[in-house]
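**Student:** I am attaching a structure below and will ask some questions about it afterwards.
The values are calculated or read from the model by the stated rules, or taken from the named source; none is laboratory data. Predicted, not measured: the structure shown is a model, and the values here were computed from it. Note that each Cβ is placed from the backbone with ideal geometry, even for glycine, and that neighbours are counted across all protein chains shown.
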Amino acid sequence: MKKPLILLVAIAALTLAVWGGWRFSHRDDGGALVFYGNVDIRQVSLAFDGSGRVKELRAEEGDRVEAGALLGVLDTQTLALQAEQAQAQIGVQQQALLRLRNGSRPQEIAQARSRLVAAQSDAVRVEQDLARLQGIAANTQGRGVSAQDMDRARSAVQIAQAQVAEQREALRLTEAGARKEDIAGADAQLKVSQAQLTLLRHQISQGELRAPADAVVRSRLLEPGDMATPQRPVFALALIQPKWVRIYVGETELGKVKPGMAARVATDSHPGQPIAGKVGYISSVAEFTPKSVQTEELRTSLVYEVRVLVEDPQDVLRLGQPATVRMEADAAP
């Protein structure tokens, strides 16, 4: 009993699917395939990349905008001031790095040499004083010079010799210039500041909202003074291209519809001005009759989605608009 019942149900479902496909697709008097569907357009929810208070919006609902058009601006005054500060800091660091790379000036080297000569002269003088005291002590068997004077003279000689060595090393460092490590460190710090400035400029650029493509403004969701974030769309845009008509083809007509097949699209608002199109997509998966075209008795019908791409430079078609698609059954793609 179960097998005949299952067979009857299958036959009934197939019959209903074929009948349902005929309800929204049939042949006209000229033998062309006729389908009924709706216009579909890609939409974009456009939001700022950064966060901040909306300063200005330059588009209203219904406006046509071109790709790259400026639609909105955030208040970026704080970021602009930070960018100026970073630019000034970069100037200071550039001069410091230039000074390290250029090394000491000739005047600085001359000063270091003069200090070395002065230290050498002091050393010669104290050495002569020590030699004089030692001569006096030798002639007087040590009675003409006290021990304290001799110790003081020897200490003065040691101090003078140390100062000479110090000034000689100072002159060598002045002539050699800055160390490679110091130059590398200053260069790295400059690059950090430059990267910070680049980041600030990028954040400022995120305060501009531009249209990604030619489109029509469907809705304006924020107003000047509102706080914007990347999660809060400002505009909803309907792209001008691509446009297509979404139709559903029953099993009996599916083999007659081919990719690239020419089609004509007409609407009730422009019945005598069909728009050229072609089949661009045929679904490989069957689905139930879509809710927009189903009736109570067609809910179990299986159909295949087909998209008919159209060129609409005059922007005649609107999102969701009912449309009639005609195709020549024997037309090759």
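**Student:** Among the residues of the stretch 272-279, is any modelled with pLDDT under 85, assigned by TED's automatic domain parsing to the domain that holds Glu253 and either closer than 15 Å to Asn38 by Cα or surrounded by 19 or more Cβ atoms within 10 Å (Cβ to Cβ) (or both)? Walk me through it before giving the result.
**Tutor:** Going residue by residue through the stretch 272-279, those that are modelled with pLDDT under 85 are 272-273.
Checking the rest, the ones that are also assigned by TED's automatic domain parsing to the domain that holds Glu253 come to 272-273.
Checking the rest, the ones that are also either closer than 15 Å to Asn38 by Cα or surrounded by 19 or more Cβ atoms within 10 Å (Cβ to Cβ) (or both) come to none.
No.
**Student:** Let me ask something else. Residues in the stretch 128-149: is at least one assigned to a helix (DSSP H, G or I) and within 28 Å of Gln189 (Cα to Cα)?
**Tutor:** Narrowing the stretch 128-149 to residues assigned to a helix (DSSP H, G or I): 128-139, 147-149.
The next check asks that each one be within 28 Å of Gln189 (Cα to Cα); those that pass are none.
Checked the stretch 128-149: no residue is assigned to a helix (DSSP H, G or I) and within 28 Å of Gln189 (Cα to Cα).
**Student:** Would you be able to tell me the number of residues in the stretch 164-216 that are aliphatic (A, V, I, L, M), surrounded by fewer than 17 Cβ atoms within 10 Å (Cβ to Cβ) and either within 30 Å of Arg58 (Cα to Cα) or under 18 Å from the mean Cα position of the chain (by Cα) (or both)?
**Tutor:** Adding up the residues that qualify gives 3.
**Student:** Here's something else I'd like to know. When the residues of the stretch 174-187 are narrowed to those that are under 30 Å from Ala123 (Cα atoms) and in contact with a helix residue (DSSP H, G or I) (Cβ under 8 Å, 6 or more places away or on another chain), which ends up modelled with the highest pLDDT?
**Tutor:** Out of the qualifying residues, it is Thr174.
**Student:** So, in the stretch 41-59, how many residues would count as being closer than 27 Å to Pro322 by Cβ and charged (D, E, K, R)?
**Tutor:** Going through the stretch 41-59, the residues closer than 27 Å to Pro322 by Cβ turn out to be 41-45.
So of that shortlist, the ones also charged (D, E, K, R) come out as 42.
Selection size over the stretch 41-59: 1.
Residue-wise test of (1) assigned by TED's automatic domain parsing to the domain that holds Leu190; (2) touching a residue at least 24 places away in the same chain (Cβ under 8 Å); (3) crowded, with 17+ Cβ neighbours inside 10 Å; (4) among the hydroxyl-bearing types (Ser, Thr, Tyr).
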{"residue": "Gln85", "(1), (2), (3), (4)": "yes, no, no, no"}
{"residue": "Ala88", "(1), (2), (3), (4)": "yes, no, no, no"}
{"residue": "Gln95", "(1), (2), (3), (4)": "yes, no, no, no"}
{"residue": "Glu108", "(1), (2), (3), (4)": "yes, yes, no, no"}
{"residue": "Arg113", "(1), (2), (3), (4)": "yes, yes, no, no"}
{"residue": "Leu116", "(1), (2), (3), (4)": "yes, yes, yes, no"}
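**Student:** Okay, moving on. Being at pLDDT 90 or above and in a loop (DSSP other than H, G, I, E, B): is that true of Glu60 here? Reasoning before the result, please.
**Tutor:** Working: at pLDDT 90 or above: yes; in a loop (DSSP other than H, G, I, E, B): yes.
Here the answer is yes, as Glu60 does meet what is asked.
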